[in-house]
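Student: What follows is a single structure, and I will ask about it in a moment.
The values are calculated or read from the model by the stated rules, or taken from the named source; none is laboratory data. Quick caveat, the model's predicted, so the values are computed rather than measured. Here the Cβ is made from the backbone with ideal geometry for all residues, glycine too, and neighbour counts use every protein chain on show. Accessible surface areas use protein heavy atoms only, side chains included; no ligands, DNA or RNA. Shrake-Rupley method; radii C 1.70, N 1.55, O 1.52, S 1.80 Å.
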Amino acid sequence: MDLLDFARGPALVVAIAVFLLGTAWRLVGVLRLPRVPDLSPAREGAPSNAASIWHANLRAMWPRKEFSASTRFVTLNGYVFHIGLALVFLGYAPHIAFIHRITGVSWPALPDYVMYVAAAATIISLLLALGMRIGSPVRKQISTSDDMITWTITFLPLITGMAVTMEPSASVLAREVVLYRTPLAIHLLSLELLLIWFPFGKLMHAVLFAFSRGATGVRFGHRGVKV
C-alpha cells in the first residue's frame, strides 16, 4: 500500500466517519441546548416563526445600506470565495467522478477553463481575507488559533489541487493508471484533513449559520424588530 492507496482507503473512511459523526454530534449538542421560554406576548402583526427564520437568513446575505460602504469589499470577497469553492468542488470533472465513486451520484461537469478561473479567484480571495485579517489591528486582535488553522486547512486542498491539474480533465478520466500518485495523494489527504477538522473548527458555520440566524430572526420577529 503506497500513500495514494492509504489516502483512497483507510484515511478516506476515517475522514468521512469523523466528518459525519462530528457534524451530527455538534448539531445534536446545539439542538439540545436549553431554551428559555419567551413569556411576553408577540407584538401585533409579528410574523410567524417560519417567516422570521426565512427572512433573517435571506436578509443576512447582504449588509444593510448603512454599513454597505464600509463592508462592501469584505462581502464581495466572501461571495467570490464561497461561489468559487462551490464551482471547483462540484463542477470539476475529476471531483464529480470522485463523488460518484463514493455515493453513486453524478452530474454534468463544467469546462476546465471555468474551473481554472474559479480556483484562481478562490485562492486570491483567501489570500485577500488573510491579508485583511492580519493587516487590521482589530481583526488581528480578535483572531484566534482556530481562525488561522481553519484558513490553512481550507487553503491546502486548493493549492495542492492546482498542483495536480497538469492536463485536461478528460485525459485524466480516460486514463486507468494515475501518473502523479504522490501529488494526488497529498491533495486527497489535505481534503481529508479538512473533513476531520470541519466539525470542530469554524468551518462548522457552514451548517450552524442557518440555525443561529433563524434563532435571531424568531427572537426579533416576536418583539416586532425589523431585521
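Student: Which value at 222 nm does the chain reach when only helices count, each DSSP H run of 4 or more adding -39,500 (n - 2.57), with the total divided by all residues and rounded to the nearest 500 deg cm²/dmol? Don't skip to the end; give the middle numbers.
Tutor: Details: 11 runs with 168 residues, N = 227.
Calculated from helices alone, the mean residue ellipticity at 222 nm is -24500 deg cm²/dmol.
Student: Please return the longest range in the chain lying between exposed loop sites, taking trypsin sites (Lys or Arg not before Pro), DSSP loop only, at most 14 other beta-carbon atoms within 10 Å, and leaving the sites out. Before the final figure, lay out the partial values.
Tutor: Values: sites that count: Arg32, Arg35, Arg43, Arg64, Arg175, Lys226.
Maximal segment without exposed cleavage sites: 65-174.
Student: Can you give me the relative contact order of the chain as a percent, contacts being Cα pairs under 8 Å and 6 or more apart? Kindly include the intermediate steps, with their values, before the conclusion.
Tutor: On the way: 190 pairs, mean separation 91.3, N = 227.
Normalised by residue count, the contact order of the chain is 40 percent.
Student: Continuing with this model, one more query. Compute, for Thr182, the solvent-accessible surface of its heavy atoms (probe 1.4 Å) with the complete set of protein chains present, and express it in square angstrom to the nearest 10.
Tutor: Thr182 has an accessible surface of roughly 80 Å² with all protein chains in place.
Student: Mind grabbing the accessible area of Phe209 for me, 1.4 Å probe, Å², rounded to tens?
Tutor: Rounded to the nearest 10, the figure is 80 Å².
Student: Identify the residues of segment 95-136 with backbone N under 16 Å of a label point that sits 7 angstrom from the Cα of Ala170 along the Cα-to-Cβ direction, or state none.
Tutor: Answer for segment 95-136: 108-115.
Student: Here's something else I'd like to know. Using a cut-off of under 16 Å, list every residue of segment 1-33 whose amide N is near the label point 7 Å from the Cα of Ala86 along the Cα-to-beta-carbon line.
Tutor: Within reach of a label on Ala86: no residues.
Student: Hull surface divided by four, with the convex hull built on the Cα atoms of segment 70-128: how many nm²? Display every interim value, and only then the final one.
Tutor: Details: hull surface 17.4 nm².
Average projection, Cα convex hull of segment 70-128: 4.3 nm².
Student: Quick check: pseudo-label points 7 Å beyond the Cα along Cα→Cβ at Arg139 and Val30, how many nm apart are they?
Tutor: Placing both labels 7 Å along Cα→Cβ, they lie 2.3 nm apart.
Student: Just subtract the alpha-carbon distance of Asn49 and Leu76 from 0.36 nm times their residue separation and send over the number in nm, one decimal. Don't skip to the end; give the middle numbers.
Tutor: Values: separation 27, 0.36 × 27 = 9.72 nm, distance 2.96 nm.
Extra length from Asn49 to Leu76 when fully extended: 6.8 nm.
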